[in-house]
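Here is the structure we will look at.
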Amino acid sequence: MFAQETVDLTATVFTEAYYFFTVALMWLLHVGFMTYEAGVSRRKNVMATAIKNILTIAVVTPTFYYLGWWAYFCMQEGLLPTTTADGNQPEGSGFYFCGDGYGLGWDASMGPNLGDNITAVFWAAFVLFAWTTGSIMSGAIIERVRTSAYLWLTALMGGLIWVIAAAWGWSYGGWLTLHFGYHDFAASGLVHGVAGIFTLGVLFNLGPRIGRYDRDGNARSFKPHNLHMTLQGLMLIFTGFYAFYAACLAITANQVPGWANIYFSPATLGAITLTITMGFAGGFAGGYFFSQRDPFWTISGGLAGVVAVSAGADIYSPSLVFILAFLMAGFAYYVGSFLENKMRLDDAVGAVAVHGFAGFTGVILLGIFASGYPTGAYNVETTLLGQLVGVAAMFPLAFLSGYGASWILKKLNLLRVLPAVELEGLDIAEYGEDFFPEMGVRGEVIVEADGTNVPAEVVLRQAMADAMAVSNGHEIDLTKEEADDGHISV
Amino acid sequence: MDTFPYESWEEALADADGSTGYYTWANGTGSVVLAILAIALSIAWMVWLTRNEAKHLEHCAARLNEKWGL
């Protein structure tokens, strides 16, 4: 008896430690997002970009603690909370419940409880997922969104919107799980897809950065101030991805194979290790091929590839993973180009294509390549129809909430920084300081649609004059001398 | 302020049955009040940040527009 108690306690402590260290390693995702986005931004916006990422933690954490965790357990049956203690709990399971205070900020489950080692570390894994949704949006809207607007939006998405999707399709008792066998192991749809499509809704209201498109609507390119920092950031994100995958597993020490996915269907750490590694390999190769050696899309292709195969990371064949990741890297590249050039959506990091469209497409692909797998306690078969229903539920949830919330902020004049501030740069305006005095201010270069490099001063001030002419109803035409008068450093 | 609800750790461990087992002010009025205060602080901080940023940006834009004659 004593020996059994020791074994049980050891298993409990191992589980607690396992989640704790996945959380610690998942911080690398956010180090990576911050580094990546700061590298992509122009020199005048580096600090404002990085601070935005850091403050994500300040707002999403309490929002998720006080609202999101409760919503995860109580909104598994739809948009209205379940109020009965066993309303969505598979009979006799004893796992998830709602209505008796579990998960609320003042409940014994949410504090230093000597009888519960697991809830807090499991919560922490979820809060890291929540930060990730915010960070996915963060990069797309840099250099013109207000810090406060971003924080309201990320609190909504990280604290509630993705949680609703998770309650529906990433839980033991969610309606998508129980009725449709919805299968999304590492959150292709409910983290990446939801965050990407929420961002799409925001971009419609936010608009492009000043000068991003010429008068004919052709896209210009803004050069990252530090491409090495950008690539390093992405590599950190990839490292954190392994921990993200690992945190999607549950330890079932008393049942072979010892691990289960979040639906409590059997899985192994080995299987997901194969998937993520083969996924990156296929994604990098596909990104390099389809983009014709473009460095940004080569490495973003790796991300798109893994995002797309994450839904089936516990069950896919590694060879299938490699092929799908290769193709999905190309898919993300073409979708990203379409959004940029045809839709004129200024997504600074390609997040909508890489996370939103690749994520939801990955959910559908699972219905094609892995239907028939039983999901959850009741062994509900995964089907293409079930996966499509999941996408049909989550896509509008994400888009409408992102569009609606950003529309309200826009109407309140709280969404975007003022044009003059955007032109001068957010670091000086927001923080009153040049954070890189050791790096001399050099003339910024913009790449025109035809590939020629031109000085940014003239282009950006003319673009701003165009914007003000629209709002004021009269034409402003800057001379070259006015643009070069040295008052501003763009 | 004595917030330890037991006489000893032994007593706390004996109560650690997965339901309550030592959580400062757990399920009591105190924990609810603390949660409300923390939520209020979080919202107030967001409102302050929003208003402060808006004021700051207006000031900066006015300065720049005057400088550039726009």
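Readers should treat all values here as calculations from the given coordinates under stated rules, not as data from a laboratory. Everything quoted here is computed from the prediction, not taken from an experiment. Positions of Cβ are backbone-derived with ideal geometry, glycine not excepted, and every protein chain shown enters the neighbour counts.
Averaged over residues, the count of other Cβ atoms within 10 Å places the peptides A:165-171, A:57-63 in the sequence A:165-171, A:57-63, highest first. Per-residue 3J(HN,Hα) values for the range A:71-77, derived from phi via the Karplus relation 6.51 cos²θ - 1.76 cosθ + 1.60 with θ = phi - 60°, read 4, 4, 8, 9, 10, 6, 9 Hz in sequence order (x marks Gly and Pro).
The mean number of partner chain beta-carbon atoms within 10 angstrom of a residue's beta-carbon across peptide B:28-39 is 3. Applied to the range A:351-361, the Karplus parametrisation 6.51 cos²θ - 1.76 cosθ + 1.60 on θ = phi - 60° returns per-residue 3J(HN,Hα) values of 5, 5, 6, 5, 9, x, 6, 5, x, 5, 5 Hz, with x for Gly and Pro. Unpaired cysteine residues in the protein assembly as shown (no second Cys Cβ under 4.7 Å): A:C248, B:C60.
For the range A:458-466, 3J(HN,Hα) computed residue by residue from phi via the Karplus equation (6.51, -1.76, 1.60; θ = phi - 60°) reads 5, 4, 6, 5, 5, 4, 5, 4, 4 Hz, glycine and proline entered as x. Other protein chain C-beta atoms within 10 Å of residue C-beta, averaged over A:179-190: 0. What the Cβ-Cβ distance of B:L34 and A:T268 gives, at R0 = 45 Å and to the nearest 0.05, is a FRET efficiency of 0.60. Given their separation in residues at 0.36 nm each and the Cα-Cα distance between them, A:F289 and A:I368 gain 26.0 nm when the chain is fully extended. The magnitude of the dipole of the range A:13-411, with charges of +1 and -1 set on the Cβ of Lys/Arg and Asp/Glu and taken from the Cα centre, is near 1820 debye.
What percentages, rounded to whole numbers, describe P(r) for the range A:13-411 computed over all alpha carbon pairs with 20 Å bin width beginning at zero? Going out from 0 Å in 20 Å bins, the range A:13-411 shows 30, 60, 10, 0 percent.
Modelled spin labels at B:N52 and B:D15, positioned 7 Å past Cα toward Cβ, are 4.0 nm from each other.
Computed over chain A, the per-residue total of -39500 (n - 2.57) for DSSP H runs of n ≥ 4 gives a 222 nm mean residue ellipticity of -18500 deg cm²/dmol, rounded to 500. Amide H to amide H distances under 5 Å link A:R220 with A:Y213, A:D214, where only residues 5 or more positions off or on other chains count and H is placed in the peptide plane.
Near A:E381, the amide H atoms lying under 5 Å from its own belong to A:T375; only residues 5 or more places off or on other chains count, and H is placed 1.01 Å from N. Ranking A:A11, A:V363, A:I272 by Cα position along the charge dipole of chain A, where only Lys, Arg, Asp and Glu carry charges on their C-beta atoms, puts A:V363 farthest toward the positive end.
A crude spin-label estimate for the pair A:S317 and A:A17, with each label 7 Å from Cα along the Cβ direction, gives 3.8 nm. Applying a DSSP loop filter and a limit of 14 other Cβ atoms within 10 Å to the GluC sites (Glu not before Pro) in the range A:1-75 leaves nothing. Summing charges over all other residues whose Cβ lies under 9 Å from the Cβ of A:A449, with Lys and Arg as +1 and Asp and Glu as -1, gives -3. Residue by residue along B:55-66, Cβ atoms of other protein chains within 10 Å of the local Cβ number 5 on average. Taking 7 Å steps out from each Cα toward its Cβ at B:A62 and B:L41 produces label points 3.4 nm apart. Computed FRET efficiency, Cβ-Cβ of A:L400 and A:T239, R0 25 Å: what is it to the nearest 0.05? Approximately 0.15, to the nearest 0.05. With a threshold of 24 Å on the Cα-Cα distance, the over-threshold entries among A:K52/A:K411; A:K223/B:K55; A:K44/A:K223; A:K52/A:K342; A:K410/B:K67; A:K411/B:K67 are A:K223/B:K55; A:K52/A:K342; A:K410/B:K67; A:K411/B:K67. Of the chymotrypsin sites (Phe, Trp or Tyr not before Pro) found in the range A:383-447, the ones in coil according to DSSP and having at most 16 other Cβ atoms within 10 Å of their Cβ are A:F435.
Amide hydrogen proximity for A:W259: with H placed 1.01 Å from N in the peptide plane, the residues at 5 or more positions away or on another chain lying under 5 Å are A:T252, A:A267. Given their separation in residues at 0.36 nm each and the Cα-Cα distance between them, A:A449 and A:A253 gain 64.8 nm when the chain is fully extended. The gain in end-to-end length when the A:S221 to A:E5 segment is fully stretched comes to 71.5 nm, 0.36 nm per residue minus the alpha carbon separation.
Legend: translational diffusion of the range A:277-389 by Stokes-Einstein, Rh = Kirkwood radius over C-alpha pairs, 37 °C, 0.692 mPa s; D = 234 µm²/s.
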